[in-house]
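Report on one structure; see the data block that follows.
The values are calculated or read from the model by the stated rules, or taken from the named source; none is laboratory data. Because the structure is predicted, anything quoted here is derived from the model rather than measured. We place every Cβ from the backbone using ideal geometry, glycine too, and count neighbours over all the protein chains shown.
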Amino acid sequence: MPRLKLGVLISGRGSNLAALIAASADPFYPAEVALVISNRDGAAGLAHAERANIPHAVLPHREPSDFAREAGALLRRSGVELVCLAGFMRILDAHFVESWRDRMVNIHPSLLPAFPGLHAQRQAIAAGVRFSGCTVHFVRAEVDSGPIIAQGIVPVCEGDDEEALSARILEVEHRLYPLAVKLIAEGRVKIAGGTVAVAGALAPELAVTNPAEERLARRFF
Ligand code: GAR
């Protein structure tokens, strides 16, 4: 079975990129990272691509339209079928977003539609919510919006600061992103209107992610 080719866009640390690379090290994982693009020279995440021998490029453009043109050409040339934004902190050109409609996903560190934009974890603490988490969604023009594929939850604990909550959410991000990409690669994700249906989704009561990870879900049956 050919694996779904991913193009991962990063701006910084790249720990979600590393999680996708680690998942695709399993030959039975149905997707592989074919290309990494950073909009920042020296982004720490580029080292993950280097180590895994994955083609990577830096496109540090000021104008979103310049970035879109060059990134689009590279993604096409690499045969990328799904674009994954992984800590990509730039506004994307509207035409670029439209040209990858339903073929571009993003991970965000909150339970969207709560707390879109910057400092989602700080926003969650300020709002006093008891649970937060992360969301993988298809990308639409408005920042951190679009049909939701999967979410993961964590408690917000007494005394949490932004750093503590971010670390707790990040651990779930590293499981949720590979899970959501796997569901897409297996053809189980269908968008109807503004929402997503996942064929054969597991959602045991005590799972931390919904759909649940099969590996963890077994514990609950
Ligand atoms: C992650 O927490 C990701 O959810 C967030 O940036 C971090 C990137 O970390 N993305 C957003 O806030 C997008 N709106 P990483 O570079 O280690 O993957």
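For the stretch 16-48, a tally of residues being surrounded by 17 or more Cβ atoms within 10 Å (Cβ to Cβ) and either in contact with a Leu (Cβ under 7 Å, 6 or more places away or on another chain) or within 17 Å of Glu173 (Cα to Cα) (or both) returns 20.
The single residue among Glu163, Glu173 that is within 16 Å of the ligand (Cβ to nearest atom) and in contact with a Cys (Cβ under 9 Å, 6 or more places away or on another chain) turns out to be Glu173. The lone criterion from (1) outside any helix (DSSP H, G or I); (2) buried (at least 19 other Cβ atoms within 10 Å of the Cβ); (3) within 12 Å of the ligand (Cβ to nearest atom); (4) on the phi < 0 side of the Ramachandran plot left unmet by Pro116 is number (2).
Just the residues that are part of a loop (DSSP other than H, G, I, E, B), more than 13 Å from Leu9 (Cβ to Cβ) and either in contact (Cβ under 8 Å) with a residue 60 or more places away in the chain or not charged (D, E, K, R) (or both), please, taken from the stretch 83-113. Within the stretch 83-113, Asp102, Pro109, Ser110, Leu111, Leu112, Pro113 qualify. Does Val196 fit the bill of being within 16 Å of the ligand (Cβ to nearest atom), assigned to a strand (DSSP E or B), in contact (Cβ under 8 Å) with a residue 40 or more places away in the chain and buried (at least 19 other Cβ atoms within 10 Å of the Cβ)? No, not satisfied.
Residues in the stretch 176-193 that are free of Cβ contacts under 8 Å to residues at least 60 places away in the same chain and either acidic (Asp, Glu) or within 16 Å of the ligand (Cβ to nearest atom) (or both): Leu179 only.
Would it be correct to say that Val189 is under 16 Å from the mean Cα position of the chain (by Cα) and modelled with pLDDT of 95 or more? Spelling it out, Val189 is indeed under 16 Å from the mean Cα position of the chain (by Cα) and modelled with pLDDT of 95 or more. Can you spot a residue in the stretch 142-154 that is under 30 Å from Pro64 (Cβ atoms), touching a residue at least 12 places away in the same chain (Cβ under 8 Å), in a helix (DSSP H, G or I) and of a type outside the set (Phe, Trp, Tyr)? Checking the stretch 142-154: not a single residue is under 30 Å from Pro64 (Cβ atoms), touching a residue at least 12 places away in the same chain (Cβ under 8 Å), in a helix (DSSP H, G or I) and of a type outside the set (Phe, Trp, Tyr). For the stretch 41-97, a residue qualifies if it is within 16 Å of the ligand (Cβ to nearest atom), over 19 Å from the mean Cα position of the chain (by Cα) and charged (D, E, K, R), and the qualifying residues are Asp41, Glu50, Arg51. Residues that are modelled with pLDDT of 95 or more and assigned to a loop (DSSP other than H, G, I, E, B) are absent from the stretch 164-176 altogether. In the set (1) part of a loop (DSSP other than H, G, I, E, B); (2) over 20 Å from Cys134 (Cα atoms); (3) touching a residue at least 12 places away in the same chain (Cβ under 8 Å), the condition left unmet by Pro2 is number (3).
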